[in-house]
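Only the coordinates and a few stated rules stand behind these numbers; no lab work does. Note that this is a predicted model, so its numbers are computed, not measured. All Cβ positions, even for glycine, are placed from backbone atoms using ideal geometry, and neighbour counts span all protein chains on display.
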Amino acid sequence: MFAPSSLARLSRRSVATFKAKLQSARRWESTAGTEAPPAGGHSPSIATSSFLRQTRDNSLRTPDIRWADEDHAGPPSNALAGRETRKMNLYQAVRDAMSIALTKDDSAVVFGEDVAFGGVFRCTMGLAEEFGRERVFNTPLTEQGIAGFGIGIASMGQTAIAEIQFADYIYPAFDQLVNEAAKFNFRSGGNFDVGGLTIRCPSMSVGHGALYHSQSPEGFFMGAAGLKASLVAHFDVPPHTLTPTQIVIPRSPIQAKGLLLSAIRDPNPVIFMEPKILYRSSVEQVPIDDYEIPLGRAETLIHGSDLTVLTWGTPVYSCETAIHMLANPPETIARHVPEPFRKAKIELIDLRTILPWDVETVTESVKRTGRLVIVHEASKTGGVGSEIAAELQKRCFLKLDAPVKRVTGWDTPVGMSYEKFYIPDSVRILDAMVETLSY
Amino acid sequence: MFRSALLRSQIHRQSRNYVRATSQVAAEPYGHLPTSQSPITPKMNFINSVTPDGTQIPTYRVLDGVGELLDGAELPEIDEAFARRIYENMMQIPVIDNLLNNVQRQGKISFYMTAHGEEATVIGSAAALADNDEILGQYREMGALLWRGYGLDDVMAQCFGNAEDASTKGKQMPVHFNSKEHHFHAISSPLATQIPQAAGVGFAIKRDPARRGKNCAAVYFGEGAASEGDFHAGMLLASTIPSPTLFIARNNGFAISTPSTEQYHGDGIAARGPGYGMDTLRVDGNDVLAVLSGVREARRRCVEQGRGVLVEAMTYRYVPQLPQLPNIHPPSISTFSLLTPTSTSSVGHHSTSDDSFAYRPRQEVEDRKRIDNPIARFRKFLEARKWWDDKEEDELKDRLKGEVMRAFKRHETMQRHEVREMFEGVYRGEEPWNIREQREELKALLQKYGKDWEPWRSELKKHKGEGKELMQ
């Protein structure tokens, strides 16, 4: 860790001084980013990500996890004995969260287009059979209607869990969400609220969804004070990178379940965006009990001291790959990665909640590393990265060693044949890290 | 005091007028509401499109299930050549659908939507329109484009998104066609957005002296899309402004998995037309002559009145088509012909991402296919008039399969547009700095990594010029 910011700022932008800086830096324990890759190179993909929790013990020790099934009258317990986990992918974890909400909260209903037969992404599979069509039901095709209907239910103190079939189709509901849900509490002097409303929607790209099945619209909601917006990512800190205070580890479909239960029970309306490519590809051992992971809190997945990478959703995995590539660049592109940078300690943060975002964690990190790369799939202009970059440059101005860099989708719609060049893939993130480190 | 006396006398005067007006109509002994023709009645009469005895808006049909004229039905004006053209166009759709559906299952294209079971609705309505009426489709109306002469090469180029795809330049998903030449506006995945736009298109036609009274806007949508706010906005606008807009609802009974019984409680989409003051007709969408005749008359009224008209075509989505769910590996079908319908490809699933047998019984689908096949019904009509026979049927099938297969082969391996195309068309006219700079950014990245980074190197090979236009 670079302690004094002035020292960090003094270091000039040359490779030579960067080397010196690295030597002077107190190292964190070895990170995933510097782990030796298997022979022949190693690019983690979602399936092989070291951050997915594959054992019961690992799963039960997910950071920030808060068991919601304990008797609050009794003494707080950290005992994990008797808790079980089950292998789930992301859509199964989302389903599990809704099943718990429906079981424990008689007022809860789940609705949206095609949800009764399980939803196009299978997130509501079997819920209608289990809880009855009165509580889990299809709606006609009307997103503005779904949002408004959910607001009405929530305004009566009940719990509405609504699905918009694709985030790309949330715009007809924009008025209801931005003008109504977000302002409900404020405009009624706190007499009416819609805290019971949660809107779920699959978001982000899959590689062939083109204009209308690839969007990441979180930025549009960022100015809607009163709403909370959460994106589920699926990562985790490998045990050996933990700080001493974080005793155990955890996370992924795990994140989905815990964050969704928090969202459902949060006293504010929440938009919950689920990166759809992860529905099947991310698999973890997920605790079967009721638990929450708090909103508004980022999670540091890899600790480092030289550069902070901030992201959320699917790109978390591209960032993991890029961090591996920085330490162990594939032969073909090794010449673009100067030797000294390969030892750089990269910090990776999953923002998890977009609004309100965890400014403290990110500021603390960037003050320490002096460098920030923000990665998101949405377009650059007006994207969430713009807001974060502006805030961070204010808070960390004297500690920054390089301009805040954004790796994002281009300012174009998502053209289908060109998606591989649109999505911020690992080589773009790698290049941004090298550029930022060498500034 | 003075004011209220004045008011009283005004009311008195007005009510005398009403009394005088109603005295001419004995059936309305209590007169009318002021400013409307609504008669006053002492009885509470609730009205509803859902009636106590279950009667519904009738469905207009011309041909019965075996292709014979219904008693009392009038045959629309149709000669042999036109009838054969309709039939051939209807026959072409499933040939293309079977191929592209199978090709999608092989992972060669990302997505496809068939029109199985809706051939009569799409072709019958297209045949009833003038070829330069503006069409705003939802996504299942490829047949209307083909009717107007859009070629198989154009279809394949768009679905493969290759360098010959002039309609979307590889930017949109398959079946998102457009063609200015054929007056066919661009398909957009969000549902129902085209409906209020169609009211605007109709209005613009009315403002254009060259097209006023000659053309209309024809907008297609499913019964599911009719639940969107945009449907109601479009109907209201075309009726109120007014604008010559022909609303063609394809009621195939399902919106993806959701049956129409969960889509609306009222009497279908047709029941909504009168609410907006529109002439409305429900037709048997599996009877191509009823569709032809019904849409012709609807179009005549639409153009003449300059106001919206609604046609609801009752059909059945025989098989499936949403984007393919991620990470679902398509089953291998290399062992049988691409042109053969698969067990799941001859009734309409919503899309290739959908298996409708998860939410409706296979038997129901099979029954509908057997007894209510729009193509078979029209064929019987043609045969009865000696306009068609088995030999011609076989020849047509062979010809269509050959043409479709040839177009497919030609386009299957063709390269895509140049990579730089991805930045084109965001804006017309002067390009803003952000787009320009971002293209430069990608250019620098490709120059640096394009040859060395395997995922990009292999991807670049799929594009015309292999990225050289950016890398040099």
Rounded to the nearest 0.05, what FRET efficiency do residue B:208 and residue B:75 give with R0 = 51 Å and r taken as the Cβ-Cβ distance? Could you check?
-> 0.90
Residue A:66 versus residue B:394: modelled label distance in nm, points set 7 Å from Cα along the beta carbon direction | 7.6
Expressed in nm to one decimal, what extension gain is obtained for the pair residue B:153 and residue B:55 from 0.36 nm per residue of sequence separation less their Cα-Cα distance?
-> 30.5 nm
Give the distance, in whole Å, between the Cα centre of the stretch B:127-198 and the Cα centre of the stretch B:289-317.
-> 21
For the stretch B:419-471, what size does the Cα cloud have along each of its three principal axes, sorted from largest down, in whole Å?
-> 34, 19, 15
Residue-by-residue Karplus 3J(HN,Hα) for the stretch A:354-371, coefficients 6.51, -1.76, 1.60, Hz, glycine and proline x = 8, 9, x, 8, 7, 5, 5, 4, 5, 4, 4, 5, 5, 4, 7, 8, x, 9
How about the stretch B:166-196: which trypsin sites (Lys or Arg not before Pro) there are in a DSSP loop, with at most 16 other Cβ atoms within 10 Å of their Cβ?
-> B:180
All Cα pairs of the stretch B:58-414, percent lying beyond 30 Å | 33
Identify all lysines with a Cα-Cα distance to residue A:87 below 23 Å; exclude those on the same chain that are fewer than 8 residues away in sequence.
-> A:104, A:257, A:276
Set of aspartates and glutamates near residue A:343 by C-alpha distance (under 16 Å), chain-local residues within fewer than 8 positions excluded = A:29, A:35, A:306, A:320, A:431, A:435
